[in-house]
Every structure is written in structure tokens, then in C-alpha cells.
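The values are calculated or read from the model by the stated rules, or taken from the named source; none is laboratory data. Keep in mind that what you see is a predicted model, and the values were worked out from it rather than measured. Neighbour counts are summed over all protein chains in view; Cβ atoms, including those assigned to glycine, are modelled from backbone coordinates with ideal geometry.
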2 protein chains.
Amino acid sequence: MQQLSVITLGTDDLARSQAFYRDGFGWTPVFENEEIAFYQMNGFVLGTWLTSELARDSRRADLHRPGAFALAHNVGSEEEVDELIGRLVEAGGRLLRAADASPHGGYRGYVANPDDHAWEIAYNPAWSIDADGHVTFGI
Amino acid sequence: MQQLSVITLGTDDLARSQAFYRDGFGWTPVFENEEIAFYQMNGFVLGTWLTSELARDSRRADLHRPGAFALAHNVGSEEEVDELIGRLVEAGGRLLRAADASPHGGYRGYVANPDDHAWEIAYNPAWSIDADGHVTFGI
């Protein structure tokens, strides 16, 4: 099955990370302790884990930032893109790219979270999002 | 809503990346062109995009690997963990950690894909996966 269960992002400061998700996105962990927080997402779980623990668990000494990846959160309009980017920056994010039109339609900008992971905030009318937040690819 | 739409992984060789997902995981893109492939996943979309394009789009010149993150794919038994790790390595992955018992229950190992992104392959009986592949956090 084309499926994954967890996205784990390394963090160097769990409290700072949680402030970004709480005050920026408005999200609440389903579980948290002194080294990890899990957020229940749309069909999978997002984890934020101390980078040192992630490195130890995955047997890698050399985790770098920014990594060659990005996460995208889609919203319902261009106005919501601008509003959310503003909240994320107030919550400790750093603007990478102010939102503008995408060459393939829609509108998007990028914010780095406090651990320098890239979040794209996008309005993409071709991609449907159902009431449970599940996203289907579209053109 | 606690939700994301896309995980985008940078790749330096799209054909090599697609061989890993096709021959290792058994996945088929829902869309592909010369710079990107999209896979429809459990409630979101996985994209593999030329690293140079991801860097340009997100206005970053300096994307590094391995990044401080990991993705996890859960399966139904310890035997399936070992089998899938074997297939992923045959399909161009590199073993980071042979599977063993997790301190919090379950069983897991790690494989780096050809672009050095970490995939954890896990059996975690506490996390339910429904018929559509949607995962719910559990302890």
C-alpha cells in the first residue's frame, strides 16, 4: 500500500518547536514527553523528536539542516496563505519566500520553522481536501 | 486542521529514485514528468522533485543531506519488516540499522534511499492502520 505512518522532524528545542505548531498552526500534540511530541495528522502522525535521539535511533551521526525536503500545508484561499504565513513568522518561523503565484497554478510561500525545516503554505485549487483533511492529487 | 498536503523529497536522479519506490516499495506515481514524480499516499501526496528545483522554489541555496528527519512506513509483522528492508536494499537503498526491537515496543530498522533520505520500516502493534492506510496514534 502507498502509505506512510510517521514523519519525524528533528528538533533541538522541543518547547520552541511546540510553540511554533501551537501558536502558528494552532495544533495540539496527542502525546508529549521530554524528548518527543506527536501530532495526529490526516492519516498519519507527525513527530518532533530531539535531533540527537533521532540520530541515535537511525544510526547516523551527521544530520544536517536545512535538509533536502519540504512539507506543504494547503489552505483554502490566497488570503489564508498570507494570514497563516504571518502567524507562523510571529510564532518563531522565518520567512524564506513571500507568497506569490506558482507557475503551475495556485499561490504559495515558504517559512522555515525554528529548526530550519521548510514549510510551504499553499492554495492549490486543483488538489481536493475532504472533510477529514485527506488530500487527493489533481491537475 | 492538523493536516498537511505534500511531503517533497529532493532527488538528484529521478529515474534512480523511481526505481527505489517502484522495485522496493511497489509504488506507482500518479503523475510524473522530467523533474518531479507524485505518489498518492494515505491522505496526502509524496513528491520527489529535483533538488535544484526544490531549492529554487523555496529560495534556498544550501540544501544538505542527510537532513534531520525521517519517514516511517509501518507493516504488519516483524517478518514483513525484514522482507521489506531486504527489497529496499536490493532496489538501491542502503541499510542504516538492521531491524531490532524498539525500546517502546515493536520492531524497526532504517534504510537510506538513493538520495540519502532515511526510511524507517516498522512493526508497531499499538498504531492502528485502517483499510485505507490511515494511521492513528496509539500507546
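Scanning the stretch A:73-128 for residues that are among the acidic types (Asp, Glu) and in contact with a Lys or Arg (Cβ under 6 Å, 6 or more places away or on another chain), we see that the one that is nearest to A:Gly10 (Cα to Cα) is A:Asp116. Is it the case that the stretch A:46-66 has a residue that's β-branched (Val, Ile, Thr), over 16 Å from B:Ala118 (Cβ atoms), at pLDDT 95 or above and touching a Leu at 6+ places or on another chain (Cβ under 7 Å)? Within the stretch A:46-66, none of the residues are β-branched (Val, Ile, Thr), over 16 Å from B:Ala118 (Cβ atoms), at pLDDT 95 or above and touching a Leu at 6+ places or on another chain (Cβ under 7 Å). Taking (1) buried (at least 17 other Cβ atoms within 10 Å of the Cβ); (2) more than 8 Å from chain A (Cβ to nearest Cβ) in turn, B:Ser5 satisfies each apart from (2). Going residue by residue through the stretch A:20-41, is there one that turns out to be of a type in the set (Gly, Ala, Ser), in contact with a Pro (Cβ under 9 Å, 6 or more places away or on another chain) and surrounded by fewer than 21 Cβ atoms within 10 Å (Cβ to Cβ)? Checked the stretch A:20-41: no residue is of a type in the set (Gly, Ala, Ser), in contact with a Pro (Cβ under 9 Å, 6 or more places away or on another chain) and surrounded by fewer than 21 Cβ atoms within 10 Å (Cβ to Cβ). For the stretch A:126-137, the criterion of a residue being among the aromatic types (Phe, Trp, Tyr) and in a strand (DSSP E or B) is satisfied by no position. Of the residues in the stretch A:38-47, none is within 7 Å of chain B (Cβ to nearest Cβ), of a type in the set (A, V, I, L, M) and in contact with a helix residue (DSSP H, G or I) (Cβ under 9 Å, 6 or more places away or on another chain).
Okay, residues lined up against (1) of a type in the set (Val, Ile, Thr); (2) surrounded by fewer than 19 Cβ atoms within 10 Å (Cβ to Cβ); (3) within 21 Å of B:Thr51 (Cβ to Cβ):
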site	(1), (2), (3)
A:Ala61	no, yes, no
A:Ala72	no, no, yes
A:Glu79	no, yes, no
A:Glu83	no, yes, no
A:Arg87	no, yes, no
A:Leu96	no, no, yes
A:Ala99	no, no, no
A:Pro103	no, yes, yes
A:Gly109	no, no, yes
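Considering the stretch B:58-108, and only residues there that are touching a residue at least 12 places away in the same chain (Cβ under 8 Å) and acidic (Asp, Glu), the residue that is farthest from the other protein chains (Cβ to nearest Cβ) turns out to be B:Glu90. Beta carbons closer than 9 Å, at least 6 apart along the sequence or on distinct chains, pair a first residue in the stretch B:125-139 that is more than 9 Å from chain A (Cβ to nearest Cβ) with a second that is of a type in the set (A, V, I, L, M) and not in a strand (DSSP E or B) for B:Ala126/B:Ile139; B:Gly138/B:Ala126. Only strands (runs of 3 or more DSSP E) whose full extent lies in the stretch A:21-125 are considered here, and the ones with at least 3 residues that are under 24 Å from B:Leu71 (Cα atoms) are A:36-40, A:45-50, A:69-74, A:107-112, A:118-123.
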